[in-house]
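Notes follow once the structure below has been shown.
The values are calculated or read from the model by the stated rules, or taken from the named source; none is laboratory data. Please read all numbers here as calculations on a predicted model, not as lab measurements. Cβ coordinates were reconstructed from backbone atoms using ideal geometry, including for glycine residues, and neighbour counts include every protein chain displayed.
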Amino acid sequence: MFQGELTAHILNGAINRPARDALLLHHALADVSAHNRADELRYELLISRLVRVHWDRAHFVRVKRAYREKYRVELEDEVEGATKGDFGRFMAGLCEV
């Protein structure tokens, strides 16, 4: 079962990279939101995924579009809702294109 999921994840990334990255961001945001928001260790996954897509602006625009289409909410709004303080403002700033 795990091998099939891994293969599907790899193929999804090759076929539709923006959708895959939107899904990974959604999972990271859900993890932060579902747990204690004061637990900064939960932010590591979100930081790495958001920074990774941030560097390629054209790709990031596609990821944000895929996120909005799949989850019916703006990525920036989700990031602001899951983070707080200066860190939250920094993370929301990463979402600006």
Query raised in the report: Across region 1-59, what is the number of residues that are at pLDDT below 90 and assigned to a helix (DSSP H, G or I)?
Result: 24
Query raised in the report: Cβ-Cβ below 7 Å, separation at least six or inter-chain, first residue in region 25-36 and under 17 Å from C95 (Cα atoms), second surrounded by 13 or more Cβ atoms within 10 Å (Cβ to Cβ) and acidic (D, E): which pairs?
Result: L29/E78
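Residue-wise test of (1) among the charged types (D, E, K, R); (2) within 14 Å of the chain's Cα centre (by Cα); (3) surrounded by 13 or more Cβ atoms within 10 Å (Cβ to Cβ).
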position: Y43; (1), (2), (3): no, yes, yes
position: I47; (1), (2), (3): no, yes, yes
position: V51; (1), (2), (3): no, yes, no
position: A58; (1), (2), (3): no, no, no
position: A66; (1), (2), (3): no, yes, yes
position: E76; (1), (2), (3): yes, yes, yes
position: E80; (1), (2), (3): yes, yes, yes
position: M91; (1), (2), (3): no, yes, yes
Report summary line: Within region 63-97, the residues that are of a type in the set (A, V, I, L, M), in a helix (DSSP H, G or I) and free of Cβ contacts under 8 Å to residues at least 40 places away in the same chain are A92
